[in-house]
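S.K.: Sharing a structure, written as structure tokens. Questions coming.
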Amino acid sequence: MKIYTKTGDKGTTSLIGGTRVVKSHLRIEAYGTVDELNSYIGLVRDQEVNKGRLDILKEIQDRLFTIGALLATDPEKSKMKTPDLHEEDISLLEQEIDKMMAEVPPLRAFVLPGGHQSVSFCHVARCVCRRAERLAISLQEISEVEDLVIKYLNRLSDYLFALCRKMTHELQAEEITWKPRV
């Protein structure tokens, strides 16, 4: 099987279900951003500090592939069975958030992204996650998007913030709080 098909050379691509759309379509932007997020999660997973979190990060990447498939599907034309999300996927993130937040000092101010390169990679993933969420919400305004997709992306951004704090703590990096100039 060849990697290139040449079917997108004129700026269109196929959704699951066969519908062809322009590559700038909001649905393509949404699942493309989820793909970008998945790549950043891989980068976060590859950080030495996350050796003990490989399984949960791989689980998250798997769920992001599921979300990508859901977003890549034409809800009106596809008869294909797609993978699905469950409330338990969101509960897992919440449990992990609660564990991490119990192990770090209480948050009393906004924190600036950074402090360590590994933490910075995670902050980038968090921001891409927020963008993916915004795009999914925009898509939901014009087409069918499962509520669980948006809920998962929302909770994942919270998870990534908690992970940033946990990594900062484990790496004994400085957590820089924002001090607004007033």
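S.K.: Please tell me if R45 is under 28 Å from E175 (Cα atoms) and out of contact with any helix residue (DSSP H, G or I) (no Cβ under 7 Å at 6 or more places or on another chain).
M.R.: Taking the combined requirement at face value, the residue does not satisfy it.
S.K.: Let me ask another. Tally time: how many residues in the range 132-151 are in contact (Cβ under 8 Å) with a residue 60 or more places away in the chain and under 10 Å from V34 (Cβ atoms)?
M.R.: Matching residues across the range 132-151 total 4.
S.K.: Output the residues belonging to the range 37-63 that are assigned to a helix (DSSP H, G or I), buried (at least 16 other Cβ atoms within 10 Å of the Cβ) and touching a residue at least 40 places away in the same chain (Cβ under 8 Å).
M.R.: Answer for the range 37-63, where residues must be assigned to a helix (DSSP H, G or I), buried (at least 16 other Cβ atoms within 10 Å of the Cβ) and touching a residue at least 40 places away in the same chain (Cβ under 8 Å): L37, Y40, I41, V44, V49, N50, R53, I56, I60, R63.
S.K.: Just one of S157, S143, S120 is part of a helix (DSSP H, G or I) and more than 13 Å from the chain's Cα centre (by Cα); which is it?
M.R.: After applying the criteria, what remains is S120.
S.K.: Tell me, which residue of the range 128-145 that is of a type in the set (D, E) and surrounded by fewer than 17 Cβ atoms within 10 Å (Cβ to Cβ) is nearest to L64 (Cα to Cα)?
M.R.: Here the residue is E144.
S.K.: Assess whether L93 counts as being closer than 27 Å to E141 by Cα, touching a Lys or Arg at 6+ places or on another chain (Cβ under 6 Å) and either among the hydroxyl-bearing types (S, T, Y) or not in a strand (DSSP E or B) (or both).
M.R.: Criteria met by L93.
S.K.: May I pose another question? As an exercise: evaluate W178 against (1) touching a Leu at 6+ places or on another chain (Cβ under 6 Å); (2) modelled with pLDDT of 95 or more; (3) not acidic (D, E) and give the number of the one condition it does not meet.
M.R.: Against the list (1) touching a Leu at 6+ places or on another chain (Cβ under 6 Å); (2) modelled with pLDDT of 95 or more; (3) not acidic (D, E), W178 comes up short only on (2).
S.K.: Give the range 75-100 a look and list any residue that's of a type in the set (G, A, S) and more than 19 Å from C129 (Cβ to Cβ), or say none. Walk me through it before giving the result.
M.R.: Pass one, the range 75-100, residues of a type in the set (G, A, S): 78, 91.
S78, the sole residue that qualifies.
S.K.: What do you reckon, is L148 under 17 Å from the mean Cα position of the chain (by Cα), assigned to a helix (DSSP H, G or I) and more than 26 Å from D46 (Cβ to Cβ)?
M.R.: Working: under 17 Å from the mean Cα position of the chain (by Cα): yes; assigned to a helix (DSSP H, G or I): yes; more than 26 Å from D46 (Cβ to Cβ): yes.
Here the answer is yes, as L148 does meet what is asked.
S.K.: Would you point out the residue of the range 81-109, among those that are more than 21 Å from L153 (Cβ to Cβ), among the hydrophobic types (A, V, I, L, M, F, W, C) and touching a residue at least 12 places away in the same chain (Cβ under 8 Å), that is surrounded by the fewest Cβ atoms within 10 Å (Cβ to Cβ)?
M.R.: Once the filter is applied, the top-ranked residue is A109.
The values are calculated or read from the model by the stated rules, or taken from the named source; none is laboratory data. Given the structure is predicted, the values throughout are model-derived calculations rather than measurements. Counting neighbours? That spans all protein chains shown, and the Cβs are built from the backbone with ideal geometry, glycine included.
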